[in-house]
1. Looking at the structure I just gave you, is E268 at pLDDT 95 or above, open to solvent by less than 30 Å² (accessible area, probe 1.4 Å), closer than 22 Å to C172 by Cα and part of a strand (DSSP E or B)?
2. Within region 87-109, how many residues turn out to be touching a strand residue (DSSP E or B) at 6+ places or on another chain (Cβ under 6 Å), more than 19 Å from F31 (Cα to Cα) and buried (at least 19 other Cβ atoms within 10 Å of the Cβ)?
3. Y179 passes all but one of (1) open to solvent by less than 50 Å² (accessible area, probe 1.4 Å); (2) under 30 Å from A70 (Cβ atoms); (3) touching a residue at least 40 places away in the same chain (Cβ under 8 Å); which number fails?
4. Restricting attention to region 220-253, report how many residues are buried (at least 16 other Cβ atoms within 10 Å of the Cβ) and farther than 23 Å from R143 by Cα.
5. May I ask you to list the residues in region 111-128 that are more than 23 Å from the chain's Cα centre (by Cα) and either over 12 Å from E155 (Cα atoms) or part of a strand (DSSP E or B) (or both)?
6. Within region 115-174, how many residues turn out to be farther than 21 Å from L9 by Cα, polar (S, T, N, Q) and either touching a strand residue (DSSP E or B) at 6+ places or on another chain (Cβ under 8 Å) or open to solvent by less than 30 Å² (accessible area, probe 1.4 Å) (or both)?
7. Filter region 182-215 down to residues that are modelled with pLDDT under 90 and part of a strand (DSSP E or B) and give me whichever is surrounded by the most Cβ atoms within 10 Å (Cβ to Cβ).
Amino acid sequence: MYTLQSDRLRVDVSEPGVAPNTTTRFDRAGFVEEVVLDGIHRFCASEPRNLSHTSSGGRGICNEYIVTTAEEAAIGDYFMKPGIGLLLKETDSPYRFMNPYKVDPFTIDVSHVANVIQFVTQPKLCGGYALKQVKRMEVVGNRLDMCVKLENTGEKEFVAREYCHNFITVNCMTLGPNYNLEFPSGKDRGDAQLEGELMAAGKGFTFSGPLQRARMFTMEADEFSTAPGKPFEWIFKNVAEGAQVHVYEQIDLCRVVLWSVNHMMSTESFHAIKLAPGESDEWKRSWVFDEIK
């Protein structure tokens, strides 16, 4: 476990290949297990096990790449899952995040000092694909920054969507009317009921009561009006607990998914990637944790 510390924030980052950071779904570089503000407010939760599918072991803040490399591989061959390694394809099916896979993990070099940590995921050629990822995370005051640089070191064009799971809660309080998710650049949906307990609330969302089962709601990029050059923003707060997180994402936004269950909501903003061999891409996400004034 690595800890990034400031005068207000403590961020616990899991070591690659050490539980719970051993899945074949989530990027093993920069897997955030816990965030604590002012020694009081906790913001991270684990993906529950009472789901309609097998839990994939997510927790806190963790990234994932959506790729089609499994479909291109033959049975008995390995395929690349960015952020994890080479996975063995044993059946004629696309990649399924709940399936167990034999994995040849990528080498991830880690350097950590005080409030900064950097992960360098080394490339390993497979099926013509290879990537080098540099992920730098820094805590300053009540802000956590994550900067990513991805370089295509392979032989083929690399096309993917990257997104960040935010298994976020406020002090593990059950989802309900005290929670509110706001999108400053989103469209006004009024106060309509959407999916079960998920309710529209102007440019955001809230809940009519505790969730009876997991809920998902998808929005496309054209439903937001973020100005060119400005970050995509969202704010998740619990007014009863008096704490929130305000997120700024400098990404090529292509989709937003809300996934809610029990005491957490995962706001997932997808970043579009298309790299020819030798090309690279850079993007940044920032989480500002604070008390509600």
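The values are calculated or read from the model by the stated rules, or taken from the named source; none is laboratory data. From a predicted model like this one, the values you see are computed outputs, not experimental measurements. As a convention, Cβ positions derive from the backbone with ideal geometry for all residues, glycine included, and neighbour counts pool all protein chains shown. Note: areas computed on protein heavy atoms with side chains; ligands, DNA, RNA excluded. Shrake-Rupley method; radii C 1.70, N 1.55, O 1.52, S 1.80 Å.
1. So E268 fits the description; yes.
2. 3
3. Only one criterion in (1) open to solvent by less than 50 Å² (accessible area, probe 1.4 Å); (2) under 30 Å from A70 (Cβ atoms); (3) touching a residue at least 40 places away in the same chain (Cβ under 8 Å) is unmet by Y179, namely (2).
4. Residues that pass the stated criteria total 1.
5. Correct list: V113, A114, C126.
6. Going through region 115-174 one residue at a time, the tally reaches 5.
7. Only one residue tops the list, namely R215.
Here is a yes/no grid of residues against (1) more than 21 Å from the chain's Cα centre (by Cα); (2) hydrophobic (A, V, I, L, M, F, W, C):
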position: A200; (1), (2): yes, yes
position: S208; (1), (2): yes, no
position: M219; (1), (2): no, yes
position: F232; (1), (2): no, yes
position: V247; (1), (2): no, yes
